[in-house]
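Chemist: Okay, here's the structure, questions in a sec.
The values are calculated or read from the model by the stated rules, or taken from the named source; none is laboratory data. Bear in mind the structure is a predicted one, so any value in this text is a computation, not a measurement. Cβ atoms come from the backbone with ideal geometry, glycine included; neighbour counts cover every protein chain shown.
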Amino acid sequence: MYKLLANPIEHNGQRVLTTAQLAEAYGTDSKVISYNFNHNKDRYIEGKHYFCLTGDDLKKFKMTNREFHESLIRINKLYLWLEKGTLLHAKSLNTDKAWEVYDFLVDTYFRARQMEAVYNEAILKILENQEEIKKELNKLETSIDRLEKRQNNLRQYVKKEFVHMKKDIRKIFDDSLGKNNQTMIPALIFISDDVKRTIRNLISYYFDR
(Lines give C-alpha, C1' and ligand atoms only; values in the text may rest on other atoms or scores of the structure.)
Protein backbone atom coordinates (compact mmCIF):
# COMPACT_ATOMS: atom_id res chain seq x y z
CA MET A 1 0.00 0.00 0.00
CA TYR A 2 2.71 2.43 0.97
CA LYS A 3 4.54 1.72 -2.29
CA LEU A 4 1.67 3.53 -4.01
CA LEU A 5 2.26 6.62 -1.93
CA ALA A 6 6.01 6.53 -2.52
CA ASN A 7 5.70 6.05 -6.30
CA PRO A 8 2.45 7.56 -7.55
CA ILE A 9 1.50 7.14 -11.22
CA GLU A 10 0.03 9.99 -13.25
CA HIS A 11 -1.56 10.17 -16.67
CA ASN A 12 -2.94 13.36 -18.23
CA GLY A 13 -2.23 15.19 -14.98
CA GLN A 14 -4.30 12.78 -12.85
CA ARG A 15 -3.24 10.06 -10.48
CA VAL A 16 -4.12 6.53 -11.56
CA LEU A 17 -3.64 2.88 -10.58
CA THR A 18 -2.94 -0.13 -12.76
CA THR A 19 -5.21 -3.16 -12.55
CA ALA A 20 -2.50 -5.09 -10.70
CA GLN A 21 -2.04 -2.31 -8.15
CA LEU A 22 -5.78 -1.97 -7.58
CA ALA A 23 -6.22 -5.73 -7.15
CA GLU A 24 -3.37 -5.91 -4.63
CA ALA A 25 -4.72 -2.94 -2.68
CA TYR A 26 -8.26 -4.35 -2.55
CA GLY A 27 -7.03 -7.81 -1.57
CA THR A 28 -8.19 -9.59 -4.69
CA ASP A 29 -6.88 -10.80 -8.06
CA SER A 30 -6.38 -8.91 -11.32
CA LYS A 31 -8.72 -11.39 -13.04
CA VAL A 32 -11.52 -10.41 -10.64
CA ILE A 33 -10.99 -6.71 -11.37
CA SER A 34 -11.10 -7.40 -15.13
CA TYR A 35 -14.17 -9.66 -14.79
CA ASN A 36 -16.12 -7.04 -12.81
CA PHE A 37 -15.19 -4.39 -15.36
CA ASN A 38 -16.19 -6.47 -18.37
CA HIS A 39 -19.54 -7.42 -16.83
CA ASN A 40 -20.36 -3.82 -15.84
CA LYS A 41 -18.73 -2.02 -18.74
CA ASP A 42 -21.79 0.14 -19.41
CA ARG A 43 -21.22 1.86 -16.04
CA TYR A 44 -17.67 2.89 -16.86
CA ILE A 45 -16.84 5.99 -18.91
CA GLU A 46 -13.39 6.37 -20.40
CA GLY A 47 -11.69 9.54 -19.22
CA LYS A 48 -13.91 9.65 -16.13
CA HIS A 49 -13.41 6.21 -14.60
CA TYR A 50 -10.39 4.92 -16.48
CA PHE A 51 -7.88 5.41 -19.29
CA CYS A 52 -7.18 2.69 -21.85
CA LEU A 53 -3.67 2.97 -23.27
CA THR A 54 -2.72 1.44 -26.59
CA GLY A 55 -0.18 2.09 -29.36
CA ASP A 56 2.03 5.15 -28.88
CA ASP A 57 0.37 6.12 -25.59
CA LEU A 58 1.21 2.71 -24.16
CA LYS A 59 4.80 2.90 -25.44
CA LYS A 60 5.21 6.33 -23.86
CA PHE A 61 3.80 5.05 -20.55
CA LYS A 62 6.24 2.12 -20.59
CA MET A 63 9.15 4.49 -21.23
CA THR A 64 8.23 6.85 -18.39
CA ASN A 65 7.33 4.15 -15.87
CA ARG A 66 10.30 1.80 -15.93
CA GLU A 67 9.23 0.02 -12.73
CA PHE A 68 6.40 -1.63 -14.71
CA HIS A 69 8.51 -2.41 -17.76
CA GLU A 70 8.85 -6.18 -17.25
CA SER A 71 5.16 -6.72 -16.40
CA LEU A 72 4.06 -4.65 -19.42
CA ILE A 73 6.35 -6.11 -22.10
CA ARG A 74 3.80 -8.46 -23.67
CA ILE A 75 0.61 -6.43 -23.29
CA ASN A 76 -0.88 -4.27 -26.05
CA LYS A 77 -3.56 -2.65 -23.88
CA LEU A 78 -3.35 -1.15 -20.40
CA TYR A 79 -6.16 0.05 -18.15
CA LEU A 80 -5.41 2.84 -15.70
CA TRP A 81 -8.05 3.46 -13.02
CA LEU A 82 -9.05 6.93 -11.88
CA GLU A 83 -10.54 7.73 -8.48
CA LYS A 84 -14.14 7.26 -9.67
CA GLY A 85 -13.17 3.97 -11.33
CA THR A 86 -11.78 2.61 -8.07
CA LEU A 87 -15.10 3.55 -6.44
CA LEU A 88 -17.03 1.37 -8.92
CA HIS A 89 -14.65 -1.51 -8.29
CA ALA A 90 -15.12 -1.11 -4.52
CA LYS A 91 -18.88 -1.30 -5.07
CA SER A 92 -18.48 -4.46 -7.17
CA LEU A 93 -16.32 -6.17 -4.54
CA ASN A 94 -18.33 -4.74 -1.63
CA THR A 95 -15.94 -6.00 1.04
CA ASP A 96 -14.88 -4.19 4.21
CA LYS A 97 -11.28 -4.19 3.03
CA ALA A 98 -12.20 -2.73 -0.37
CA TRP A 99 -14.16 0.14 1.22
CA GLU A 100 -11.47 0.77 3.80
CA VAL A 101 -8.76 0.88 1.14
CA TYR A 102 -10.90 3.07 -1.13
CA ASP A 103 -11.27 5.69 1.63
CA PHE A 104 -7.54 5.51 2.23
CA LEU A 105 -6.75 5.96 -1.47
CA VAL A 106 -9.05 8.95 -1.77
CA ASP A 107 -7.54 10.72 1.22
CA THR A 108 -3.87 9.91 0.69
CA TYR A 109 -3.38 9.09 -2.98
CA PHE A 110 -5.86 10.49 -5.45
CA ARG A 111 -6.42 13.83 -3.75
CA ALA A 112 -2.86 14.33 -2.62
CA ARG A 113 -2.22 16.63 -5.61
CA GLN A 114 -5.18 18.78 -4.65
CA MET A 115 -3.99 18.99 -1.06
CA GLU A 116 -0.50 19.79 -2.29
CA ALA A 117 -1.92 22.55 -4.49
CA VAL A 118 -3.89 23.98 -1.55
CA TYR A 119 -0.79 23.78 0.63
CA ASN A 120 1.38 25.49 -1.99
CA GLU A 121 -1.23 28.21 -2.46
CA ALA A 122 -1.33 28.78 1.29
CA ILE A 123 2.48 28.98 1.43
CA LEU A 124 2.46 31.43 -1.48
CA LYS A 125 -0.02 33.68 0.31
CA ILE A 126 2.09 33.56 3.46
CA LEU A 127 5.19 34.54 1.47
CA GLU A 128 3.27 37.36 -0.23
CA ASN A 129 2.10 38.60 3.15
CA GLN A 130 5.66 38.42 4.43
CA GLU A 131 6.80 40.56 1.51
CA GLU A 132 4.09 43.12 2.28
CA ILE A 133 5.04 43.11 5.95
CA LYS A 134 8.70 43.49 5.00
CA LYS A 135 7.87 46.50 2.81
CA GLU A 136 5.85 48.10 5.62
CA LEU A 137 8.68 47.46 8.08
CA ASN A 138 11.16 49.08 5.68
CA LYS A 139 8.89 52.12 5.40
CA LEU A 140 8.59 52.27 9.18
CA GLU A 141 12.36 51.99 9.61
CA THR A 142 12.86 54.79 7.08
CA SER A 143 10.36 56.99 8.93
CA ILE A 144 12.08 56.25 12.25
CA ASP A 145 15.48 57.14 10.76
CA ARG A 146 14.10 60.42 9.47
CA LEU A 147 12.50 61.19 12.82
CA GLU A 148 15.72 60.41 14.67
CA LYS A 149 17.65 62.72 12.33
CA ARG A 150 15.12 65.50 12.90
CA GLN A 151 15.28 64.98 16.66
CA ASN A 152 19.07 65.05 16.56
CA ASN A 153 19.07 68.23 14.47
CA LEU A 154 16.56 69.83 16.87
CA ARG A 155 18.64 68.74 19.83
CA GLN A 156 21.76 70.29 18.32
CA TYR A 157 19.87 73.49 17.53
CA VAL A 158 18.43 73.77 21.04
CA LYS A 159 21.83 73.06 22.56
CA LYS A 160 23.43 75.76 20.42
CA GLU A 161 20.71 78.28 21.23
CA PHE A 162 20.93 77.44 24.93
CA VAL A 163 24.68 78.12 24.89
CA HIS A 164 24.03 81.56 23.37
CA MET A 165 21.24 82.16 25.84
CA LYS A 166 23.50 81.29 28.78
CA LYS A 167 26.13 83.70 27.52
CA ASP A 168 23.57 86.47 27.10
CA ILE A 169 22.03 85.89 30.54
CA ARG A 170 25.48 85.66 32.14
CA LYS A 171 26.46 88.95 30.53
CA ILE A 172 23.28 90.63 31.74
CA PHE A 173 23.84 89.47 35.31
CA ASP A 174 27.55 90.34 35.23
CA ASP A 175 26.72 93.83 34.01
CA SER A 176 23.96 94.13 36.58
CA LEU A 177 26.20 93.01 39.45
CA GLY A 178 28.96 95.46 38.70
CA LYS A 179 31.54 93.74 36.52
CA ASN A 180 30.96 96.48 34.00
CA ASN A 181 30.34 99.72 35.89
CA GLN A 182 29.30 101.57 32.75
CA THR A 183 26.32 99.34 32.17
CA MET A 184 25.48 98.56 35.82
CA ILE A 185 21.80 98.81 36.61
CA PRO A 186 21.50 101.74 39.08
CA ALA A 187 19.16 99.86 41.41
CA LEU A 188 21.78 97.12 41.94
CA ILE A 189 24.65 99.47 42.87
CA PHE A 190 23.76 99.25 46.55
CA ILE A 191 23.66 95.41 46.72
CA SER A 192 26.27 94.08 49.11
CA ASP A 193 29.25 92.06 47.86
CA ASP A 194 28.02 88.95 49.71
CA VAL A 195 24.68 89.08 47.93
CA LYS A 196 26.43 89.62 44.59
CA ARG A 197 28.69 86.65 45.30
CA THR A 198 25.70 84.46 46.10
CA ILE A 199 23.92 85.47 42.90
CA ARG A 200 27.04 84.75 40.85
CA ASN A 201 27.32 81.30 42.45
CA LEU A 202 23.72 80.57 41.58
CA ILE A 203 24.28 81.70 38.00
CA SER A 204 27.38 79.51 37.76
CA TYR A 205 25.46 76.54 39.16
CA TYR A 206 22.62 76.78 36.68
CA PHE A 207 24.35 78.05 33.56
CA ASP A 208 27.90 76.69 33.70
CA ARG A 209 26.99 73.01 34.17
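Chemist: Taking the conditions exactly as written (farther than 18 Å from K97 by Cβ, crowded, with 16+ Cβ neighbours inside 10 Å and not β-branched (V, I, T)), does R66 satisfy them or not?
Modeler: Taking the combined requirement at face value, the residue does not satisfy it.
Chemist: Turning to a different aspect of this structure: Do you know which residues across segment 10-33 are modelled with pLDDT of 90 or more and of a type in the set (D, E)?
Modeler: If the condition is that a residue be modelled with pLDDT of 90 or more and of a type in the set (D, E), then E24, D29 are the ones that fit.
Chemist: Please indicate, with yes or no, whether at least one residue in segment 45-53 is within 15 Å of A90 (Cα to Cα) and either touching a residue at least 24 places away in the same chain (Cβ under 8 Å) or not β-branched (V, I, T) (or both).
Modeler: yes
Chemist: Residues N36, N7: which one is more than 15 Å from L82 (Cα to Cα) and modelled with pLDDT of 95 or more?
Modeler: Step by step, each of N36, N7 is checked, and only N36 is more than 15 Å from L82 (Cα to Cα) and modelled with pLDDT of 95 or more.
Chemist: Can you list the helices (runs of 4 or more DSSP H) lying wholly within segment 16-66 that have 3 or more residues being within 45 Å of the chain's Cα centre (by Cα)?
Modeler: Once the helices (runs of 4 or more DSSP H) in segment 16-66 are filtered for at least 3 residues that are within 45 Å of the chain's Cα centre (by Cα), what remains is 19-26, 55-64.
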